[in-house]
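Report on the following structure.
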Amino acid sequence: KITIASLFVTLGIIYGDIGTSPLYVMKAIVGEKNPIDAMIVLGGISCVFWTLTLQTTLKYVILTLRADNNGEGGIFSLFTLVKDKKRAWLVYPAMIGGAALLADGIITPPISVASAVEGLRVLNKDIPTIPIVIAIISVIFLFQRFGTAVVGKAFGPIMLIWFLMLGALGIGQIVNNFNVLNALNPYYAFRLLTDKPEGFWLLGAVFLCTTGAEALYSDLGHCGRGNIRISWIFVKITLILNYMGQGAWLMAREGKKLHTDNPFYTIMPEWFLVIGIFIATLAAIIASQALITGSFTLISEAIRLKFWPKVTLNYPSNEKGQLYVPSVNWLLWAGCIGIVLYFHESSNMEAAYGLAITLAMLMTTILLGYYLHLKKTPIWVIIPFIGLYFAIEISFLIANLTKFFHGGFVTLIIGAVIMLVMLVMYRASNIKRELTDKEKVKLNDYKDSLKDLSHDQKIPFYATNLVYLTSIENEDEIEINILKSIFQKQPKRADIYWFIHVKTTDEPNTMEYDYNILAEEDIVKICFYLGFRVENRIDVFFKKVVDTLLANGEIHKNKDERINKYNQIGELNPADDFRFVLLKSFLSNENKLSWLDNLIMDGYFVLKNVSTSDENWFGLDPSSVVVEKAPLVVGQNTQSEGIDLKRRIKK
């Protein structure tokens with residue numbers, strides 16, 4: 001709902017990245033070494049205004065926010081809306097976009113914090129800013145494990161103060177030079193791009209004003225479409241006012257050089273500098289927090305889409321969206337510190353910033369085009385939409401390519417590594433699914449054998465409730481390896497055999513289950529349908545289902561002699577006696593794979609070995625889990641081919 005409180009929350013969560021852009025955009029457009037040119041200033045502000053209008057307002061706030069997946073947004077949510085077996089290739093734009101967002105997220109905290117802290121040089125040019133930046137970034141990442149439920153309540157008021165400050169500072173300079181208002185005319189943007197030799201390439205700097213647009217869509221589920229659209233009106237006005245204020249100050253100094261000055265701080269009254277730097281630092285911290293939280297959400301979605309290895313996910317509080325991913329947290333921290341130590345100054349980071357995010361925006365355009373097609377949008381609307389934003393974003397991409405040798409290669413390399421991990425996980429999951437389809441068996445065919453084993457008193461008792469996790473959704477099918485685990489070697493006798501399948505749905509917050517009792521008191525299969533943003537707590541979910549079945553009389557407490565022996569220590573509930581058996585696959589030597597698929601599977605098992613265990617991932621109690629190894633056989637057995645083995649005849 002649209003309320004004052006929700007608008008405050010939206011200000012605190014959504015606009016950290018795009019809201020701190022005035023810290024460095026105008027400085028990047030004008031440059032430090034060239035004399036200030038009024039035409040470049042006016043043309044640059046005009047490009048910023050129309051970029052925020054066309055790219056942020058029209059594409060994201062008005063159009064893309066319509067593509068919500070049950071209220072959730074982001075490139076992976078959009079992918080789940082359009083994915084189809086007939087359009088399998090759409091997985092690649094989704095992965096490229098996700099990898100680019102994660103890669104560019106590594107540079108956002110350093111550039112935001114560094115730009116804010118470097119304001120201290122207005123007071124003392126010799127102050128060492130790098131240790132301060134590293135300290136602030138480290139504290140931000142250290143704090144993640146505790147969640148942001150408490151501090152998050154302060155984000156909204158702080159960002160309100162920040163945006164009011166941006167507007168007030170801008171107005172304070174605009175009144176000295178109303179000519180800067182001419183920048184609203186697109187004519188000046190056109191002249192910059194056509195009359196100035198460097199004009200087109202300045203688009204790389206202009207693009208920095210809209211790098212946070214993807215966050216508007218990614219955080220849709222936290223705030224809602226209405227709150228984002230209304231608050232964006234206020235945010236955009238204050239941003240434009242500040243850009244114009246900086247422009248008015250720059251135009252008054254035409255012909256001079258900026259050197260190390262930042263127009264964002266030079267337009268502040270001297271008495272306000274310390275306060276302004278403090279507020280800017282708080283805003284930079286909030287911007288960093290938004291990117292970190294967004295990265296956690298992106299990884300959790302990637303895991304459930306089988307794009308990323310299973311890693312530990314923690315939920316610091318019950319607040320919606322609160323998520324902590326330890327491995328990603330410290331990888332991001334290491335990346336951010338590396339960025340600070342490599343680039344030193346925010347001006348150097350500006351040269352590398354934005355290259356990867358243009359790829360993410362292009363991928364969103366592709367997916368959004370297919371979404372509009374699925375929604376029966378007229379083709380005469382889709383083609384101009386795709387054409388317009390391809391032209392805009394490819395122009396930004398080409399202009400940003402000049403940053404490649406100035407540090408842009410850093411984010412591209414990081415993005416390529418993330419993309420490689422996603423490709424390995426995606427292809428490996430397809431190979432495993434093909435294998436599962438070949439080796440699944442009907443439970444009904446083995447129902448009598450399981451019932452006989454359950455009642456065979458000659459076989460040592462293994463567990464009251466024996467539980468297996470299966471990757472097959474069909475209610476009467478499981479993998480052959482599960483039956484081998486039950487019947488071969490040492491047969492496992494149990495009162496009830498449970499088979500659980502966990503299916504990740506395309507909807508974000510689904511929490512449903514279905515079950516099939518194949519043999520009363522002996523065999524039950526349960527399928528959980530969990531949204532891609534639902535915490536895995538299979539142990540709790542399963543026991544809740546068992547309690548429901550007991551209460552409904554669909555299964556019964558089996559009080560036999562084993563239970564009665566221990567009545568002296570209190571009444572025991574055999575339904576609480578669960579033993580989970582997890583089958584840990586390994587690549588069999590009998591596989592017949594292409595060299596590429598073999599390489600992919602090797603990479604998959606390397607990633608699997610460094611990821612979290614299945615018992616932790618599914619939220620199981622480790623004391624009730626048994627892990628067994630099962631061979632993963634893809635293809636035909638080739639071990640005996642070409643071997644002429646003869647029996648030796650004794651003389």
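With only the Cα atoms considered, the chain has a convex hull volume of 220 Å³ per residue.
Once both labels are positioned 7 Å from their Cα atoms along Cα-to-Cβ, the gap between residue 413 and residue 490 label points is 5.1 nm. Other residues lying with their Cβ under 13 Å from the Cβ of residue 235 contribute a combined charge of +1, Lys and Arg counting +1, Asp and Glu -1. Taken one residue at a time, the phi angles of region 190-200 give Karplus couplings (6.51, -1.76, 1.60, θ = phi - 60°) of 4, 5, 4, 6, 10, 8, 9, x, 8, x, 4 Hz. Gly and Pro are set to x. Listed values for region 56-70 are Karplus-derived 3J(HN,Hα) couplings in whole Hz (6.51 cos²θ - 1.76 cosθ + 1.60, θ = phi - 60°), namely 7, 5, 6, 6, 8, 5, 8, 8, 5, 4, 5, 7, 9, 9, 6, and x replaces Gly and Pro. The three principal axes of the C-alpha atoms in region 1-89 carry coordinate ranges of 55, 41, 19 Å, sorted with the longest axis first.
Heavy-atom accessible surface of residue 455, to the nearest 10 Å², is about 120 Å², with a 1.4 Å probe and all protein chains retained. Our analysis of region 153-279 gives Rg over Rh at 0.99, with the two radii drawn from alpha carbon positions and Rh computed by the Kirkwood formula.
From the alpha carbon centroid of region 97-170 to that of region 338-390 is 24 Å.
Give, as a single signed number, the net charge of other residues whose beta carbon lies under 13 Å from the beta carbon of residue 192, with Lys and Arg counted +1 and Asp and Glu -1. That works out to -1. Residues whose amide H comes within less than 5 Å of that of residue 73, counting only those at least five positions distant or on another chain, are 220, 221 (H built at 1.01 Å from N in the peptide plane). Ordered by 1.4 Å accessible area with all protein chains kept, 393, 479 run largest first as 479, 393. Residue-wise HN-Hα couplings along region 45-55, as the Karplus relation 6.51 cos²θ - 1.76 cosθ + 1.60 with θ = phi - 60° gives them from phi, are 5, 4, 4, 4, 4, 6, 5, 5, 6, 7, 7 Hz; Gly and Pro carry x.
Among the protein heavy atoms, those of residue 477 account for about 20 Å² of accessible surface (1.4 Å probe, every chain in place). The residues of region 266-373 expose on average 35 square angstrom of accessible surface per residue, using a 1.4 Å probe on protein heavy atoms.
Extending 7 Å from the Cα toward the beta-carbon at both residue 252 and residue 4 defines two label points whose distance is 3.6 nm.
Counting only Cβ charges, +1 for Lys and Arg and -1 for Asp and Glu, the dipole size of the chain around its Cα centre is about 940 debye. In the chain, the longest principal axis of the Cα atoms and the axis of helix 326-343 are about 30 degrees apart. Report the local net charge at residue 110: Lys and Arg +1, Asp and Glu -1, summed over other residues whose C-beta lies under 12 Å from its C-beta. Net charge around residue 110: -4. One decimal place: the segment residue 476-residue 628 gains 52.4 nm when fully extended, by the rule 0.36 nm per residue minus the C-alpha distance. Using the Kirkwood radius built from alpha carbon pairs, what does the Stokes-Einstein equation give as D for region 381-516 at 10 °C and 1.306 mPa s, in µm² per second? For the chosen part, D equals 79 µm²/s.
Between residue 540 and residue 442, the modelled labels are 3.9 nm apart [label points 7 Å from Cα along Cα→Cβ]. Note: region 70-184, Cα convex hull, 218 Å³ per residue.
Only helices enter the 222 nm calculation for the chain: every DSSP H run of n ≥ 4 contributes -39,500 (n - 2.57), and dividing by all residues gives -16500 deg cm²/dmol, rounded to 500.
Per residue, the accessible area of region 471-516 comes to 47 Å², computed with a 1.4 Å probe over protein heavy atoms only.
Once the chain from residue 430 to residue 161 is taken as fully extended at 0.36 nm per residue, the excess over their C-alpha distance is 91.8 nm. Taking 17 Å as the straight-line reach from the Cα of residue 484, the lysines in range (excluding those fewer than 8 positions away in the same chain) are 438, 440, 442, 447, 451, 492, 584, 629. Remark on residue 477: its backbone amide H falls under 5 Å from those of 443, a criterion applied only to residues 5 or more positions apart or on other chains, H modelled at 1.01 Å from N.
Taking the protein heavy atoms of the chain in the context of the full set of protein chains, the accessible area attributed to carbon and sulfur is 59 percent at 1.4 Å. By a 1.4 Å probe calculation restricted to protein chains, residue 522 has an accessible surface near 10 Å², given to the nearest 10. Residues whose amide H comes within less than 5 Å of that of residue 500, counting only those at least five positions distant or on another chain, are 468, 469, 470, 526 (H built at 1.01 Å from N in the peptide plane). What's the center-to-center distance, using Cα atoms, between region 25-52 and region 496-549 in Å? Cα centroid to Cα centroid, the span is 57 Å. Among 497, 515, the order of accessible area from largest down is 515, 497, computed with a 1.4 Å probe on protein heavy atoms.
Principal-axis analysis of the Cα atoms of the chain puts helix 595-610 at an angle of about 90° to the longest axis.
The values are calculated or read from the model by the stated rules, or taken from the named source; none is laboratory data. Being a predicted model, the structure only gives us computed values, none of them experimental. All Cβ positions, glycine included, derive from the backbone under ideal geometry; neighbour counts span all protein chains shown. Side chains included, ligands, DNA and RNA excluded: accessible areas come from the protein's heavy atoms. Shrake-Rupley method; radii C 1.70, N 1.55, O 1.52, S 1.80 Å.
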